[in-house]
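The values are calculated or read from the model by the stated rules, or taken from the named source; none is laboratory data. These numbers come from a predicted model, not from an experiment. All Cβ positions, even for glycine, are placed from backbone atoms using ideal geometry, and neighbour counts span all protein chains on display.
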Amino acid sequence: MDAETALHALMTEFVRRIPLVLEVIEARHPDFLVVLAELPKEELTELLETYAHVPQQGIWTNIEGEWEHVFHGRGCRLTHRVTGEVIDWNPPDTNHLDLWKFRSWLDWAVRTEPSHLAASIRVIRPYLQGDTQISTFLQTTTDSLITQGKLVGTNQGATIKVITS
């Protein structure tokens, strides 16, 4: 496996995990999923008032255990209370990732090396030896994956769509 294939596999895994964040948003802050600009003023006011009381932080439990959640802007960051896994995402597209948020998850994956990710992590570990090297590796490899059609850059490069099939 080469570094591009390994990074794409890790990006695919990160995108596979995003629906966990979506579940929390749907359960606690579904207003984050509404395109606010498309609502009439009265409906917008009602929606904002309905969810204004929702705590910005809390605990969410699923089959994997307990997660701390923090709502920010129109997104949410989950941190697993045992493993430390961090999944941060902003709606609406669950097959899109933000490189900075992916990097937080990647830092966790490299630090803990879960068995199902170990092969990919071992391939890219040599490229992850300092902030500048990590940033260069992520940008160069992402650009290459976009050229190959395995990723699609969107929103002036702020988010990336991961092609998984």
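Quick notes
- Search result, residues across the stretch 103-114 that are closer than 14 Å to D131 by Cα and within 12 Å of the chain's Cα centre (by Cα): R103, S104, L106
- Residue match in the stretch 81-101 (condition: surrounded by 13 or more Cβ atoms within 10 Å (Cβ to Cβ), at pLDDT below 95, of a type in the set (A, V, I, L, M, F, W, C) and within 23 Å of G65 (Cα to Cα)): yes
- Any pair with Cβ under 7 angstrom, 6 or more apart, that starts in the stretch 37-65 at a residue that is among the hydrophobic types (A, V, I, L, M, F, W, C) and ends at one that is in a loop (DSSP other than H, G, I, E, B): L47/V34; L47/L39; V54/H29
- Residues in the stretch 117-140 that are within 20 Å of R16 (Cα to Cα) and either in contact (Cβ under 8 Å) with a residue 40 or more places away in the chain or crowded, with 17+ Cβ neighbours inside 10 Å (or both): L117, A119, S120, I121, I124, L138.
- Residues of the stretch 55-80 satisfying the condition of being among the β-branched types (V, I, T) and surrounded by 13 or more Cβ atoms within 10 Å (Cβ to Cβ): V70, T79
- In the stretch 6-50, residue nearest to T164 (Cα to Cα) [restricted to those that are β-branched (V, I, T) and surrounded by 15 or more Cβ atoms within 10 Å (Cβ to Cβ)]: T12
- Cβ-Cβ under 9 Å pairs, at least 6 apart or on other chains, the stretch 22-33 side over 11 Å from P91 (Cα atoms), far side surrounded by fewer than 19 Cβ atoms within 10 Å (Cβ to Cβ) and among the charged types (D, E, K, R): H29/R74
- Of the strands (runs of 3 or more DSSP E) lying entirely inside the stretch 53-165, those carrying at least 3 residues that are over 23 Å from D31 (Cβ atoms) are 151-154, 159-162.
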